[in-house]
1. Taking the chain as a Gaussian network, where each spring joins two C-alpha atoms under 10 Å apart, which residue of PRO114, PRO52, PRO81 fluctuates the most?
2. Please list, in chain and number order, the residues 5+ apart from GLY94 or on another chain whose amide H is under 5 Å from its amide H, with Hs placed from the backbone.
3. What longest region of the chain stays clear of chymotrypsin sites (Phe, Trp or Tyr not before Pro) that DSSP places outside H, G, I, E and B and that have at most 14 other Cβ atoms within 10 Å?
4. Give the relative contact order (percent, whole number) for the range 33-212; include only Cα pairs under 8 Å separated by 6+ residues.
5. So for ARG47, ARG74, ARG91, fewest C-beta neighbours within 10 Å to most, what's the order?
6. With a 10 Å cut-off between alpha carbons and a GNM built on the chain, which of GLU161, GLU50, GLU147 moves the most?
7. Which value in deg cm²/dmol, rounded to the nearest 500, describes the helix-derived mean residue ellipticity at 222 nm for the chain, given -39,500 (n - 2.57) per DSSP H run of n ≥ 4 and division by the residue count?
8. Listing HIS151, HIS139 from the residue with the fewest other Cβ atoms within 10 Å to the one with the most, what is the order?
Amino acid sequence: MLPHLTIGQQVFAMSRHVSLDDSERNSLLSGWSLGDLLSQQCWCWGRDIERPGGNWLVETGFARIAPPSGSSSRSSIYQMPLPGDRLVILRGFGVLWGQPQLGGIFLPRFEVTPKFTPQWPLQFLPWSGSDLYSLERIHDSNRGQAEQLIHELMKWVQSYEQTVIDRLGLKYRRQTLREWDDGERTVVPAREIVPTWEQFASQVAAGGLAELT
């Protein structure tokens, strides 16, 4: 588990978050699934890229990799190296996180069935889901590594969203969710995004990954 999570060149500790007791935690998690939260999070990253004040992902340290000539993909890959040889990769269809000694995991956006690979970094950049053919579903032999990686990823997203609130304001995140709220999608309110990621991470750390997927 990482003691601090890095966004760009700054390190943000997690000590400011309000701790919830078990009843509050159960209440918080009862309304939203991991799929709800992840799908909305991917939307938020897309809006952060198009922020009127400038591309927030690039501003916080992500590298933008444009699609190669002839690629069917129209969207760029965003990736950022983190301490301990970790790497996070953002795509519209999900998010990847890995470390050479542990392997890598992929959380798909629309079907939250985490997938694992012992080989990291990936052989090919993930321009489409088909580029992740080598990843496999989590099973007993890789569960320890996968749960550690998923927990780290969730804590990193938690830190990312806290940074958005600290530096851009809660109002900004609320504005990014206006179009997301079309009356049909599940909406995790802006003020609940950070604590919800925190509680999902706590559940994974306690061995509860299977209950989330």
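Bear in mind these aren't lab numbers, they're just calculated from the coordinates by the rules spelled out. In this text the structure is predicted, and so the values were computed from the model without any measurement. Cβ atoms come from the backbone with ideal geometry, glycine included; neighbour counts cover every protein chain shown.
1. PRO52
2. When sequence neighbours closer than 5 places are left aside, the close amide H contacts are ARG109.
3. 1-109
4. It comes to 18 percent, rounded to a whole number.
5. ARG74, ARG47, ARG91
6. Looking only at GLU161, GLU50, GLU147, the largest GNM fluctuation is found for GLU50.
7. -12000 deg cm²/dmol
8. HIS139, HIS151
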